[in-house]
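See below for the structure under consideration.
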Amino acid sequence: MSHMTEQPLDLDALIRETENETCGAMVVFSGIVRNHHDGRGVTGMDYSAYGPMADRVLEELEAETIERFGVQECRIMHRTGRLEVGESSVLVVVRSHHRGDAFEAARYAIDTLKVRLPVWKEDFYTDGSAAYQDGVALQARDTGEREP
Amino acid sequence: MSHMTEQPLDLDALIRETENETCGAMVVFSGIVRNHHDGRGVTGMDYSAYGPMADRVLEELEAETIERFGVQECRIMHRTGRLEVGESSVLVVVRSHHRGDAFEAARYAIDTLKVRLPVWKEDFYTDGSAAYQDGVALQARDTGEREP
Amino acid sequence: MLDVEFYGVLRQVAGGRSVQLEGVEGGETVDQVLARLRQELPALEPHLSRLACAQGDRLIRRDQVIDLQQPLVLLPPVSGGSGGPDTV
Amino acid sequence: MLDVEFYGVLRQVAGGRSVQLEGVEGGETVDQVLARLRQELPALEPHLSRLACAQGDRLIRRDQVIDLQQPLVLLPPVSGGSGGPDTV
């Protein structure tokens, strides 16, 4: 299963992929390009990724989220390329027996994605300028670094 | 806008209704009929509601959630009638500038719904029997009671 | 005369969706009406402590006076969403 | 010779997607390679403290030895999802 795509994200597809009759709760998080950043008008964004690592990071984050919160399903997809305001850049879908676990797991997945996933975004502003957003220094999962 | 329906819940419709270009985060909660309850196999459920009050409770809960968490959008729909395993009985959609608020608001909305919404469910078990699930005593919003 | 409506498990307990309660007078409180109802339908007894009462689209407290023009609605513990109350 | 690849804002800083670094020898660590790179591209200096390094699909630490067979990838602070790092 892919985790990075240049195509518009398909929530219905992720919902179908994660169907599980034992689960009473589903929580979805969608990160969406908004029309402002730091007080400036935004017309769109370009997301770039370091592909070989990005896919592995999301696959491992899905498995880690399932194990850590005891949830049944976790799927994460992130989009790259040019996105317009209102388009979704990332989707997290979690299913579990209990709703508390589903909320906590989805929150953990998106919070962790933001410090582990090698993705960068360049804002396009309404005044015609563009700039890379600053971010947070990339963090490895404890076990994620190559052994010396 | 209606909040109670006998038709299958339409997540795409709620997502469209809540579109808001200022929002960078959307959180969805879906409550789904699962195939077990208290260790017994479940084949479906029948949801019944006290309609006049249920619609008002959800409308007020949307407004309260928006105000309390400072989020931009909150939509809640609950289904009634006979549902099969895997079908959604309730949807909560929240949109906000920041993801933390969206998660907290969605969690509050579903937690509060479960103590304020006059809805009951009857489980149908794989052995052919049926029983109303016990629940929690209905709570009024502080301001929700008729003045004497 | 007052219409009393039942929801959820109370329909099984009462054996129907509603009853007509004779003899209720203007000025009676919810508590007083429930006391009459307990005599008519003793099977309701174990449910009385955990049920909520409504008229129209609002809950009413036990010490409030009944409006004879609209039904008194008895609402047992609720279970919206999915799963049990502490789960989903 | 070692290929060094840039991502995000580093592409603007370095003026391209990659450079070829001459003279790198077997056994050198990431730190040693970054010191060579700083001499070639002084504009990278303010970014060096906050960037992460990878080879293949794994991050590597500054004290690890470079594999000369694959590019060294320089990854500036990340901003996945939407909004800023503390928001969305």
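The values are calculated or read from the model by the stated rules, or taken from the named source; none is laboratory data. Here the structure is a predicted model, which is why all the values come from computation and not from measurement. Heads up, the Cβs are rebuilt from the backbone with ideal geometry, glycines too, and the neighbour counts pull from every protein chain shown.
What to note about this one:
- Whenever a residue of the stretch A:13-27 is more than 7 Å from every other protein chain (Cβ to nearest Cβ) and under 15 Å from B:Val28 (Cα atoms), its partners that are of a type in the set (Gly, Ala, Ser) and outside any helix (DSSP H, G or I), lying with C-beta atoms within less than 9 angstrom and at least six residues away or across chains, give the pairs A:Ile15/B:Ser30.
- Per-region count, the stretch A:8-33, residues buried (at least 23 other Cβ atoms within 10 Å of the Cβ) and within 13 Å of the chain's Cα centre (by Cα): 6
- Condition check for B:Leu9: touching a residue at least 60 places away in the same chain (Cβ under 8 Å) and part of a helix (DSSP H, G or I): no
Conditions (1) loosely packed, with under 15 Cβ neighbours inside 10 Å; (2) in contact with a strand residue (DSSP E or B) (Cβ under 8 Å, 6 or more places away or on another chain); (3) within 14 Å of chain A (Cβ to nearest Cβ); (4) modelled with pLDDT under 95, marked per residue:
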| position | (1), (2), (3), (4) |
| --- | --- |
| D:Arg17 | yes, yes, yes, no |
| D:Gln20 | yes, yes, no, no |
| D:Gly23 | yes, no, no, yes |
| D:Val30 | no, yes, yes, no |
| D:Glu40 | yes, yes, no, yes |
| D:Ser49 | yes, no, yes, yes |
| D:Cys53 | no, yes, yes, no |
| D:Asp57 | no, no, yes, yes |
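Residues checked against (1) surrounded by fewer than 24 Cβ atoms within 10 Å (Cβ to Cβ); (2) within 17 Å of A:Val28 (Cα to Cα); (3) not acidic (Asp, Glu):
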residue: A:Glu67; (1), (2), (3): yes, no, no
residue: A:Val71; (1), (2), (3): no, yes, yes
residue: A:Arg75; (1), (2), (3): yes, yes, yes
residue: A:Glu87; (1), (2), (3): yes, yes, no
residue: A:Gly100; (1), (2), (3): yes, yes, yes
residue: A:Ala106; (1), (2), (3): no, yes, yes
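- Strands (runs of 3 or more DSSP E) enclosed by the stretch B:30-148 - at least 3 residues per element that are away from chain C (no Cβ under 14 Å): B:73-79, B:88-96
- The stretch D:59-88, residues that are acidic (Asp, Glu) and at pLDDT 85 or above: D:Asp63, D:Asp67
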